[in-house]
Amino acid sequence: MYSHIIAAIDGSNNSDKALNEAIRLAKFADSRLTLIHIASLRDLAVDSLGVYAGDPGYDLVLKQGEEALARAQQIARNAGLTNVVSHMEKRRKRWRARSRSPATPA
């Protein structure tokens, strides 16, 4: 069936549901489970009122990602999986304001 399952983790309720399904499939198929998280300043824009692109903000995003992955990995191990790995992609792109030009009439 499946030999390798990848689950995206961001700490949200939907992510937890996907994790539980990935664990179920990995147990059923005796598969390897890889947990991934993409650390991006975009996370701060969603979680807070404004966008902060400074170093402390980036460090916070990394910490939150590491915590989400560690929690997910512990859940998978508690469910009986032994072949679980995690990976975090780090993106350090600063946000720029985009201006939209009004549509020109045809």
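The values are calculated or read from the model by the stated rules, or taken from the named source; none is laboratory data. Bear in mind that the values here come from a model prediction, so they are computed numbers and not experimental data. Every residue, glycine among them, receives a Cβ derived from its backbone with ideal geometry; neighbour counts consider all protein chains shown. In case anyone asks, the SASA skips ligands and DNA or RNA and just uses the protein heavy atoms, side chains included. Shrake-Rupley method; radii C 1.70, N 1.55, O 1.52, S 1.80 Å.
General remarks:
- Residue match in segment 22-43 (condition: surrounded by fewer than 15 Cβ atoms within 10 Å (Cβ to Cβ), farther than 28 Å from LEU81 by Cα, within 14 Å of the chain's Cα centre (by Cα) and modelled with pLDDT under 95): yes
- Restricting segment 65-86 to residues that are touching a strand residue (DSSP E or B) at 6+ places or on another chain (Cβ under 8 Å) and among the polar types (S, T, N, Q), the residue that is most open to solvent (accessible area, probe 1.4 Å): ASN83
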